[in-house]
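Presented below is the structure to which this report refers.
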Amino acid sequence: MNQVKRPVCLTIGGSDSCGGAGIQADLRVFHAFGLQGISATTALTAQNPNNITRIEPVSLAQLDAELHALFDYYDIAVVKTGMLLDGEHVALVSALLQQRHKGALVVDPVMISSSAKQLLDAGGMDALVHAILPRATLMTPNLDEAAVLLGEGICDPVVAAKKLVEQLHCAVLLKGGHGAGDELLDILCDSEGNLSEFPHPRQAWDEEQSHGTGCRLASAVAASLASGESLAPSVKKAIKFLQSH
């Protein structure tokens, strides 16, 4: 009997030593969706759910070798990016994706950790905006990251989501988890400006459970896209997955 080949999802990001976020979290999500998960590492981190104590960038040569090895062998359906560190790492990833990847791209614009550690420098931010996001299928910023990208505070998340799409030319899932209140609102604005709202209750998670939620949501969207779902149903399925896992 011929075995059905599983879609392949690639995550490009940092390694989390406690396993709650980064590529470790992404790979667990891909597995939960029944997909084959593969990874390329931008940085090694020493961290726990409370704090990141050290970040060791992976050399550009190593990252380049990992990416080429994976693209040489696998037919990659969807790529998800996380922590990209700086302009050099972003430029390398962007150039390779431009050459080798024609499928969907989900970008989690990891900028600052929950413990206030900077994870993307100014050069990396500029390269992300100009080299990665214009070809992304979806970007998944939280409210703080959206404010940085827009260069202004956010009063109305719907307006902010539309502005991000206009400025960055990709669909945006603006996550409401950093907002106040017990009822959260995630807002999807597609590349045509169409809005979908996903209200859901705030989960009573402890710090270990909440660690890496942004990573898991973005990778769940990527996994659903790889399974053949369109964008809005993928986001709905990913939010439901996160609520139950």
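The values are calculated or read from the model by the stated rules, or taken from the named source; none is laboratory data. Note that this is a predicted model, so its numbers are computed, not measured. Cβ: placed from backbone, ideal geometry, glycine included. Neighbour counts: every protein chain shown.
Numerical summary
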{"item": "Number of the exception - Ala61 against (1) over 18 Å from Asp121 (Cβ atoms); (2) of a type in the set (A, V, I, L, M, F, W, C); (3) in a helix (DSSP H, G or I); (4) touching a residue at least 24 places away in the same chain (Cβ under 8 Å)", "result": "(4)"}
{"item": "Qualifying residues in segment 14-45 (those that are hydrophobic (A, V, I, L, M, F, W, C) and in a strand (DSSP E or B)) - the one surrounded by the most Cβ atoms within 10 Å (Cβ to Cβ)", "result": "Ala40"}
{"item": "Check on Ile154, β-branched (Val, Ile, Thr) and modelled with pLDDT under 95", "result": "yes"}
{"item": "Val158 vs. criteria part of a helix (DSSP H, G or I), over 20 Å from Val110 (Cβ atoms) and not small (Gly, Ala, Ser)", "result": "yes"}
{"item": "Output for segment 115-143, where each listed residue is in a strand (DSSP E or B) and either in contact with a helix residue (DSSP H, G or I) (Cβ under 9 Å, 6 or more places away or on another chain) or surrounded by 20 or more Cβ atoms within 10 Å (Cβ to Cβ) (or both)", "result": "Leu120, Leu138, Met139, Asn142"}
{"item": "Total residues in segment 104-114, condition touching a residue at least 60 places away in the same chain (Cβ under 8 Å) and in a loop (DSSP other than H, G, I, E, B)", "result": "4"}
{"item": "Selected residue (criterion: modelled with the lowest pLDDT) from residues of segment 206-245 that are of a type in the set (Asp, Glu) and part of a helix (DSSP H, G or I)", "result": "Glu208"}
{"item": "Criterion (out of contact with any Phe, Trp or Tyr (no Cβ under 6 Å at 6 or more places or on another chain), buried (at least 18 other Cβ atoms within 10 Å of the Cβ) and not hydroxyl-bearing (Ser, Thr, Tyr)) met by exactly one of Ile52, Ile112", "result": "Ile52"}
{"item": "Hey, Ala171 buried (at least 23 other Cβ atoms within 10 Å of the Cβ) and without any contact (Cβ under 8 Å) to a residue 40 or more places away in the chain or not", "result": "no"}
